[in-house]
Amino acid sequence: MAAGLTPWPVQAGNRVRRAFLPEPMERVLADLGADAAEPSSAIKLLLPDVAEDGTAVQMSLATTLPARRALVLVRRNRIPLVAEFEFAPGTLPFVAARIKMAEDSEVLALVEAEGRWYSASRQVKVTVGGCGG
Amino acid sequence: MPEAMRIRAVEKDGVVDARVQIRHDMESGSRKNDAGELIPAWYITQFTVEVEGREVFNAQLGPGVSRNPLLHFRFKDGLKGQAIVARWEDSRGETREDRGVIE
């Protein structure tokens, strides 16, 4: 992985540190090995159809897949990768947060389950853009 | 000193529904100040939550997460009265740790 393995001082153990870089979304997917992610109806990605305020767009993600991690990307943000969430054993594959969107864009959820990547995507219209990361 | 997080965790039917409100500007690095100069990027990069020494949730955040992030997640095996500890680290290496109690 491009980000490399770096110990996290706040937390014991090693974890692949994601780099949040201005780069095309395809590049992020390729670095993850997720460019062939399979679209899955088992991922529920909830976003508004129209976001009035691009600085805070409510996003929630849930899946019935045995997900170990999920990533959220906004295709047309300067930095497409928004966040990676890790679900420990016993943690439900669900997360909600607010994200920034610079303009109308596809939002992509990537879920890793049993060593494979799955995806779901939504198109969001943004009325006032949010300097999206 | 960064402001404290607000932690709310409620157990019901074996599942803890947790919300952590973080206070942080999450500067993206693409905004300009009144003088037209870019405001440097400054955002939380790592966020983790533990219950009884067990990590239940971890997130790596980028500048695309909104100001004052509110993270909502759910986990099993948490009991009422147990401590829930949230920590973050930002891109300047600053850290913050706060505790709550599962209700």
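Bear in mind these aren't lab numbers, they're just calculated from the coordinates by the rules spelled out. Bear in mind that the values here come from a model prediction, so they are computed numbers and not experimental data.
When N counts the residues of chain B, how does its alpha-carbon radius of gyration compare numerically with 2.2 N^0.38 Å, as a ratio?
Values: Rg = 15.4 Å, N = 103, 2.2 N^0.38 = 12.8 Å.
Against the compact-globule rule of thumb, the ratio is 1.20.
For the protein assembly as shown, what does the convex hull of the Cα positions come to per residue, in cubic angstrom? Please report the intermediate quantities before stating the final value.
Working: hull volume 29.4 nm³, N = 236.
For the protein assembly as shown, the hull spanned by Cα atoms encloses 125 Å³ per residue.
At a threshold of 8 angstrom on Cα-Cα distance, excluding pairs fewer than six apart, so keeping six or more, what relative contact order does segment A:14-128 reach in percent? Can you show the working numbers first?
Numbers: 259 pairs, mean separation 38.1, N = 115.
Contact order relative to length: 33 percent.
If I take the Cα coordinates of segment A:14-128 and project them onto the principal axes, what are the three extents in Å, biggest first?
38, 26, 25
At a Cα cut-off below 18 Å, give the lysines reachable from B:Lys80, other chains included and same-chain residues fewer than 8 away excluded.
The qualifying lysines are B:Lys12.
Mind jotting down the distance between the C-alpha centroids of segment A:98-112 and segment B:7-41, whole Å?
Taking the Cα centre of each part, segment B:7-41 and segment A:98-112 sit 16 Å apart.
Starting from 0.36 nm per residue, how many nanometres of slack lie between B:Asp77 and B:Glu94 once their C-alpha separation is accounted for? It would help to have the intermediate numbers written out before the result.
Working: separation 17, 0.36 × 17 = 6.12 nm, distance 3.07 nm.
Result for the pair: 3.0 nm of gain on full extension.
Taking the Kirkwood radius as the inverse of the mean 1/r across Cα pairs, report the Rg/Rh of segment B:48-103. Please list the in-between numbers first.
Working: Rg = 12.3 Å, Rh = 12.5 Å.
We get a ratio of 0.98 for segment B:48-103.
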